[in-house]
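Everything on this sheet refers to the single structure shown next.
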2 protein chains.
Amino acid sequence: MSSTVRIALDVMGGDHGPDVVLPGAEIALVRHPDIRYLLFGDEARIRPLLAAHPRLAQASQIIHTDVVVRMDDKPSQALRHGRRVSSMWKAIDAVRLHEADCAVSAGNTGALMAMAKVNLKTMAGIDRPAIACLWPTMCGESVVLDVGASIGASGQHLVDMAVMGAAMARIVFDIERPTVGLLNVGVEEIKGVEEVKEAGTALRESGHPGLAYHGFVEGDDIGRGTVDVVVTEGFSGNIALKTAEGTAKQVADYLRAAINRSLLAKIGYLLARGAFNALREKLDPRKSNGGVFLGLNGVVIKSHGGTDAEGFASAVDIGYDMVRYQLLSRIAAGMNDRPRVGARAGAAASASAELQVSS
Amino acid sequence: MSSTVRIALDVMGGDHGPDVVLPGAEIALVRHPDIRYLLFGDEARIRPLLAAHPRLAQASQIIHTDVVVRMDDKPSQALRHGRRVSSMWKAIDAVRLHEADCAVSAGNTGALMAMAKVNLKTMAGIDRPAIACLWPTMCGESVVLDVGASIGASGQHLVDMAVMGAAMARIVFDIERPTVGLLNVGVEEIKGVEEVKEAGTALRESGHPGLAYHGFVEGDDIGRGTVDVVVTEGFSGNIALKTAEGTAKQVADYLRAAINRSLLAKIGYLLARGAFNALREKLDPRKSNGGVFLGLNGVVIKSHGGTDAEGFASAVDIGYDMVRYQLLSRIAAGMNDRPRVGARAGAAASASAELQVSS
């Protein structure tokens, strides 16, 4: 590990491109002066912006690229026209070439994941990567994965995600053995999809030095902060994440509407402004911005496409931490003694694979 | 249809049994004086409570039962010791025998669904029942299903749920062609599980006089109220529901904590109390209590087990509406011209079935 943390930025990614990425990069740089940036993108657009950010300019090197992956490109399209030449690809490629320690992009998730998989490949023993996010809870934050890398998961993939998520949680929360729960449904009749049950059995019986297995958790346990790490397959994980975001916004909107309906309430609002600001800060999606791609031979961070500079800076921050506290070697170490799901896992995995083929 | 609506109550169901069910039944009776109740449960406990509710007593008939399905019974246990003899079974049985128009229970979901399936059977052409709930949104409410009857769904089952959910939405919202969306994930790479795509194609191409197909929706569209009916399979639906409940509670708790931190905020709270009360009412889970079992030869409503009398009354209300506005014949009519998923559906359905076998 070098004494600096070298971060490759896809400057053209996201809804606002350089106008958000560069100011965001500067905010993160102030917090972590040991960052050095590789800026991949249109030099003609980056140069003038850097002139306005001399501090950032000093810590950065521009690598000009002509091609931009669009926010609505399908992964296949992105690979076809952006492979080897786009700012997104080149940022990831810098990680593969060990010219950067991690890559951060606000570009489209599907394209970013496809390019990261093709270019970096999955780590030894890991079938599929996952996307982990930080989820604000009643007691702080939890790591939740997979929030959308792939649909369906065998028992072993769920176990692997538990190990990877715990490695990330050890860094983020600075605890030795994070608690891990498997997301499940609470209706007795159907409790325990077979894959989830298998993963639970393996985690309980084999144990793992890097995590404390808690058991099954339900949807409302996520926000309650019942466990440090919540593991689920990508379809339900993505829906849970979007549903929670929507609900938080909905409640805030209700409150705003209710307050605007009366003068007395407006006065009360002014008096309680400090509390409302605290609430707003707590719910600020920018603070937990940054999806971490787990299971690849390199650190790649996905920022929300529509975020602002503050939000992008959070994504850079999390990339910085993952590098500084050695996410990859922690995952590799964890995988060495990962629990294995039993003989029955084979059957479930092949049924799941078959479903994948048809989809 | 008789001029009264005859409702069978599992008086022993739920965390509080008769102490909540009977006062709840009375609240609903005041709103709908044309209800007549069949009360299934322990006569020795019901009689004295009825004495305190003369109005309810007049509209009710007690049928004594000795056996109670416990909240933690597994469906198989419930069937073993509660079949033919429990208050839950007998309430459902009254529907089968046409002695009641619907059954309402706050007992455990898995047992209730198992007994309802065994006793009432699914409607012609429907493979599996679903549980639909009313979900509070920015614009009112939406019908969301399946929130936990079964895991996984073939394209055809998703289409059938669209038809059933629309039938329910026509009653609840009094609109001729409710809009219907299929819940999906927004990550480009994996957008469109095959089953969801097939269902979307069938709904778009065949059309249906009873619904307006909107397309795919994501998790945050549910609370936004983008469509009147949101269709998904039971695992992700249950997780979305629990996650939203957890998030709403979480935001309310944040707000409470923030207000309690300063005197000024507390004074502001007092002034804005009307607005907070409006918010509380809007978020009141009791008002949208009542899961509707769809696809069975009879109307069965599941109330939350931990709700109070007001909440139980909401579950009775929705049962009343489903009977009064003829849910079953609307579903049957809708199924006659339901869209059929194409030839490829067979392959996906069999892969999905295989997954079921292993789970």
Selection from the stretch A:81-109 of residues in contact with a strand residue (DSSP E or B) (Cβ under 9 Å, 6 or more places away or on another chain), in contact (Cβ under 8 Å) with a residue 40 or more places away in the chain and among the charged types (D, E, K, R) yields A:90, A:99, A:101
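Taking the stretch B:292-347 only, how many residues are aromatic (Phe, Trp, Tyr) and not assigned by TED's automatic domain parsing to the domain that holds residue B:122?
First pass over the stretch B:292-347, keeping only residues aromatic (Phe, Trp, Tyr): B:293, B:312, B:320, B:325.
Of the ones still in play, those that are also not assigned by TED's automatic domain parsing to the domain that holds residue B:122 are none.
Number satisfying all stated conditions: 0.
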Residue B:143: passes all of (1) more than 8 Å from chain A (Cβ to nearest Cβ); (2) more than 18 Å from the chain's Cα centre (by Cα); (3) not polar (S, T, N, Q) but (2)
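Take the residues of the stretch B:169-202 that are among the polar types (S, T, N, Q) and surrounded by fewer than 22 Cβ atoms within 10 Å (Cβ to Cβ): which is modelled with the highest pLDDT?
Filtering first and then ranking leaves B:179.
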Have a look at B:217, B:227 and point out the one that is under 18 Å from the mean Cα position of the chain (by Cα) and within 14 Å of another protein chain (Cβ to nearest Cβ). B:227
Any pair with Cβ under 8 angstrom, 6 or more apart, that starts in the stretch B:226-242 at a residue that is closer than 15 Å to residue B:155 by Cβ and ends at one that is polar (S, T, N, Q) and surrounded by fewer than 24 Cβ atoms within 10 Å (Cβ to Cβ): B:233/B:150
Restricting to the stretch A:233-261, count the residues that are at the interface with chain B (Cβ under 7 Å from one of its Cβ atoms), modelled with pLDDT of 80 or more and either exposed (fewer than 15 other Cβ atoms within 10 Å of the Cβ) or not in a helix (DSSP H, G or I) (or both). 1
Confirm whether residue A:71 is at pLDDT below 95, crowded, with 16+ Cβ neighbours inside 10 Å and within 14 Å of another protein chain (Cβ to nearest Cβ). yes
Qualifying positions in the stretch A:90-117 - in contact with a Lys or Arg (Cβ under 7 Å, 6 or more places away or on another chain) and of a type in the set (S, T, N, Q): A:105, A:109
Output yes when any residue across the stretch A:123-136 is among the charged types (D, E, K, R) and modelled with pLDDT of 95 or more, and no when none is. no
When you look at residue A:212, is it surrounded by 24 or more Cβ atoms within 10 Å (Cβ to Cβ) and either of a type outside the set (Ser, Thr, Tyr) or not in a strand (DSSP E or B) (or both), yes or no? no
Given the conditions (1) within 11 Å of another protein chain (Cβ to nearest Cβ); (2) part of a loop (DSSP other than H, G, I, E, B); (3) buried (at least 24 other Cβ atoms within 10 Å of the Cβ), which single one is not true for residue B:153? (1)
Considering only the stretch B:311-359, state which residues are outside any helix (DSSP H, G or I), of a type in the set (Ser, Thr, Tyr) and at pLDDT below 90. B:359
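Per-residue answers, yes or no, for (1) within 13 Å of residue A:112 (Cβ to Cβ); (2) among the polar types (S, T, N, Q); (3) in contact with a Gly (Cβ under 8 Å, 6 or more places away or on another chain):
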position: A:52; (1), (2), (3): no, no, no
position: A:55; (1), (2), (3): no, no, no
position: A:61; (1), (2), (3): no, yes, no
position: A:65; (1), (2), (3): no, yes, yes
position: A:71; (1), (2), (3): yes, no, yes
position: A:76; (1), (2), (3): no, yes, no
position: A:82; (1), (2), (3): yes, no, no
position: A:87; (1), (2), (3): yes, yes, yes
position: A:90; (1), (2), (3): yes, no, no
Every residue in the stretch B:270-306 that is in contact with a Lys or Arg (Cβ under 6 Å, 6 or more places away or on another chain) and either part of a loop (DSSP other than H, G, I, E, B) or away from chain A (no Cβ under 14 Å) (or both), please. B:297
Selection over the stretch B:137-150 where residues are touching an Asp or Glu at 6+ places or on another chain (Cβ under 7 Å) and either surrounded by fewer than 24 Cβ atoms within 10 Å (Cβ to Cβ) or modelled with pLDDT under 90 (or both) yields a count of 1
Residue under question is residue A:206, and the condition is that it be away from chain B (no Cβ under 12 Å), over 27 Å from residue A:283 (Cα atoms) and touching a residue at least 40 places away in the same chain (Cβ under 8 Å); does it hold? yes
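The values are calculated or read from the model by the stated rules, or taken from the named source; none is laboratory data. Owing to the predicted nature of the structure, the values given are computational and were not obtained by experimental measurement. A quick note on method: Cβ atoms are made from the backbone with ideal geometry, for glycine too, and the neighbour counts reach across all protein chains shown.
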